[in-house]
Amino acid sequence: MKVGDRHYRSLWAEPDRGRVHVIDQTRLPHEFEVKTLTTVEEAVEAIRAMRVRGAPLIGVAAAHGVALAVDRDASNASLDRAVAALRATRPTAVNLGWALDRMQDKLANVKPLKRAQAAWAEAQAIADEDVELNEAIGRHGLALIEREHAARRRRIEILTHCNAGWIATVDWGTALAPIYMAHDKGIPVHVWVDETRPRNQGLLTAWELRQHGVPHTLVTDNAGGHLMQHGKVDMVFVGADRVTRRGDVCNKIGTYLKALAARDNDVPFYAAVPTPTIDWKIEDAHRDIPIEERAAGEVRAVRGLDAHGMPVEVAIVGDETAVSNPGFDVTPAKLVTGLITEKGIVRANERDLLEIWPRSQESK
Ligand code: MRU
């Protein structure tokens, strides 16, 4: 997507120089800064510190982390160490493990002398495929917006939670891809952007939408239900970090409450889901999905800018108050109107999912 006049992907590599470039999302929306990673340790830090974030992007970043590791040391021990360190960064998004398994499978039978080249090529393939998947999701989601627009003959109001835009993927985004395509096609859309405390990924969404010229309004996380009760939301589009074979959707904390409000107000609720986000092995979302518990400090403080425009953190509560900070929740399949996948819109249940991905029966 464009930032100013330049087209960016959220991550790109220079294999011949052993470098990977990422947009540092901890600096956004205040500063647009590109960070260069040259070691697997730096890739681990970038994922853990959420310089790169969003389920698809952390998978792609992990794959590039493996490439950085084997570029320096192509031994089996180095490969195993890199995969283990990257796997331990963030627990919830299945894309991370999916990308690491794919890298390991690909490289296991490649002789160390050829490993670096194979690793860079596979990481690049994962990145390129991510763009293709999201573009296809965009096209299928666009059809939903077009249908809504044909029925209502006015601007379409979409609510989104967290950031499932191009910087959460390599390009396009998942939940935002249909919105970009609708806007580009001249269909009037307006996006209600949930702030998404405590990390405020909604600010990233607002930044992205502003770059692209899509009308949007930032709201607090508590506003969605009220907006829906007043007929101000036509559709909810969110991304996903892990979807079970039964169609339960794990996504950023607070997504479930939006789905509940959507159901109560007959607002369709869609999750945009590329194949690598589906975890075919998981039966029971609540039992089997590891929900990341993040640092208490994220709840105890708010982040902003000081009078000189420098980033600052301001404490809002001290140690005397206990805090809890689960990063994700699960929206049960029964609240999901449909999954927007690269293969089309699928109902959120095991039978329909397996009809589209029949071979996934085997991974149970
Ligand atoms: O903690 P984050 O910012 O990595 O969480 C991201 C989300 O929950 C996104 O909604 C999800 O990964 C979909 S991204 C296309």
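Structure values in brief
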item	result
Test: ALA99 is within 14 Å of the ligand (Cβ to nearest atom) and farther than 18 Å from ALA272 by Cα	yes
In region 156-172, the residues that are surrounded by fewer than 24 Cβ atoms within 10 Å (Cβ to Cβ) and either under 21 Å from MET228 (Cα atoms) or more than 12 Å from the ligand (Cβ to nearest atom) (or both)	ILE156, GLU157
Unmet criterion (only one of (1) closer than 19 Å to ASP130 by Cα; (2) touching a Gly at 6+ places or on another chain (Cβ under 7 Å)) for VAL66	(2)
Filter result for ALA301 (surrounded by 12 or more Cβ atoms within 10 Å (Cβ to Cβ), small (Gly, Ala, Ser), touching a Leu at 6+ places or on another chain (Cβ under 8 Å) and over 18 Å from THR92 (Cβ atoms))	no
Matching entry among LEU142, LEU113, LEU107 (being hydrophobic (A, V, I, L, M, F, W, C) and under 21 Å from PRO188 (Cβ atoms))	LEU142
Qualifying residue in region 212-232 (condition: touching a helix residue (DSSP H, G or I) at 6+ places or on another chain (Cβ under 7 Å), of a type in the set (A, V, I, L, M), at pLDDT below 95 and not in a helix (DSSP H, G or I))	no
Residue satisfying condition, being within 18 Å of the chain's Cα centre (by Cα) and among the aliphatic types (A, V, I, L, M), within set LEU68, LEU113, LEU144, LEU96	LEU96
Residue that is surrounded by the fewest Cβ atoms within 10 Å (Cβ to Cβ), among those in region 256-284 that are within 13 Å of the ligand (Cβ to nearest atom) and assigned to a loop (DSSP other than H, G, I, E, B)	PRO274
Whichever residue in region 16-30 is hydrophobic (A, V, I, L, M, F, W, C) and part of a strand (DSSP E or B) and, among such residues, is nearest to ARG303 (Cα to Cα)	ILE23
Residue list for region 10-56, restricted to those being over 25 Å from GLY327 (Cβ atoms) and buried (at least 18 other Cβ atoms within 10 Å of the Cβ)	ALA13, PRO15
Set ALA67, ALA13: member being at negative phi and in a helix (DSSP H, G or I)	ALA67
Matching residues in region 149-172 - criterion: being under 28 Å from HIS30 (Cα atoms) and either assigned to a loop (DSSP other than H, G, I, E, B) or without any contact (Cβ under 8 Å) to a residue 40 or more places away in the chain (or both)	HIS161, CYS162, ASN163, ALA164, GLY165, THR169, VAL170, ASP171, TRP172
Failed condition for GLU14, given (1) without any contact (Cβ under 8 Å) to a residue 60 or more places away in the chain; (2) in contact with a strand residue (DSSP E or B) (Cβ under 7 Å, 6 or more places away or on another chain)	(2)
Residue among ARG287, ARG246 that is closer than 30 Å to PRO358 by Cα, loosely packed, with under 12 Cβ neighbours inside 10 Å and more than 16 Å from the ligand (Cβ to nearest atom)	ARG287
Considering residues of region 28-61 that are within 16 Å of the ligand (Cβ to nearest atom) and without any contact (Cβ under 8 Å) to a residue 24 or more places away in the chain only, the residue farthest from THR341 (Cα to Cα)	GLU45
Failed item in (1) closer than 20 Å to VAL243 by Cα; (2) within 15 Å of the chain's Cα centre (by Cα); (3) in a loop (DSSP other than H, G, I, E, B), with THR89 passing the rest	(2)
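For (1) away from the ligand (no atom under 14 Å from the Cβ); (2) in contact with a Cys (Cβ under 6 Å, 6 or more places away or on another chain); (3) assigned to a helix (DSSP H, G or I), each residue gets a yes or a no:
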site: ARG139; (1), (2), (3): yes, no, yes
site: LEU144; (1), (2), (3): yes, no, yes
site: ARG147; (1), (2), (3): yes, no, yes
site: THR174; (1), (2), (3): no, no, no
site: TYR180; (1), (2), (3): no, no, yes
site: TRP192; (1), (2), (3): yes, no, no
site: PRO198; (1), (2), (3): no, no, no
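The values are calculated or read from the model by the stated rules, or taken from the named source; none is laboratory data. Since we're looking at a predicted model, the values are computed, not measured. With ideal geometry, Cβ positions are generated from the backbone for all residues, glycine too; neighbour counts draw on all protein chains shown.
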